[in-house]
Amino acid sequence: MKTRRLLLTLALISAVFTVVSGQREYRMDTRGSKMTVSGTSSIHEWEMDVRDPEGSAKFLWDSNRIQGISDLSIKVKPAKLDSGKKIMDDKTQDALKAGKYNTIEFKLLSVENLVSSDTEFHGTVVGNLSIAGQVNRVAIPFTGKLMNGYKVVVTGKKNILMSDFKIKPPVAMMGALETGDEVSIAFDVVWDLI
């Protein structure tokens, strides 16, 4: 009887430890998440919503705090960038060579300067960003919050140059409208525990 009680107690302690510490897999909540790409042109500023992004992540937990990220992948289809203006959307897809490269992807390499508290964390993710067949290493600062148990919300912003990815900025109206080389990628991503 004592042995049985001891085994039951050990199993309970083990189960609690598993809930408090370890690696947990997450999937992006596409309905709750928001991603945009914005920039300037010779005439006006512009912004495109990213529709239906996909993503997965593995957060490392210890004592109900996020202590690391061991895996992170975010994928976007160029055809899902939506400005609300068909001509701009078409020009963007052409510039991104969407017919040949149908996915924009960020893949985690490492996490730097991660600082974590009971409800918040921040740091920099370093990874490979693949756009229009060109892969560049980028560092993206982020902040995160823990919501409703194990739900995680991560926000951040990164400016990139299209020319770094060998993308010629789109032009329209016979060259009268030319987009700037720098674009800003902003994200407010909700991660749900799988």
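The values are calculated or read from the model by the stated rules, or taken from the named source; none is laboratory data. Just so it is clear, the structure is predicted and the values come from calculations on it, not from any experiment. Reconstructed Cβ throughout: ideal geometry from the backbone, glycine too, with neighbour counts over all protein chains shown. Protein only, heavy atoms only, side chains kept; ligands, DNA and RNA dropped before computing areas. Shrake-Rupley method; radii C 1.70, N 1.55, O 1.52, S 1.80 Å.
Every Cα-Cα pair of the chain was included, and the share exceeding 24 Å stands at 47 percent.
Here the chain exposes an accessible surface that is 54 percent carbon and sulfur, computed with a 1.4 Å probe and the other protein chains kept in place.
Residues whose amide H falls under 5 Å from that of Gly68, counting only those 5 or more places apart or on a different chain, are Leu60, with hydrogens built in the peptide plane. This model, with +1 at the C-beta of Lys and Arg and -1 at the C-beta of Asp and Glu, gives the chain a dipole about its Cα centre of some 840 debye. Neighbours of Gln134, meaning other residues whose beta-carbon lies under 15 angstrom from its beta-carbon, give a summed charge of +3 when Lys and Arg score +1 and Asp and Glu score -1. Think of it as helices only: each DSSP H run of n ≥ 4 in the chain is worth -39500 (n - 2.57), and spread over all residues that comes to -5000 deg cm²/dmol at 222 nm. Rounded to the nearest 20 debye, the dipole size of region 86-157 about its Cα centre is 200 debye, using +1 on the Cβ of Lys and Arg and -1 on the Cβ of Asp and Glu. Of the cross-linked pairs Lys85/Lys151; Lys77/Lys145; Lys86/Lys151; Lys100/Lys158; Lys34/Lys86, those separated by over 32 Å at the C-alpha level are Lys85/Lys151; Lys86/Lys151.
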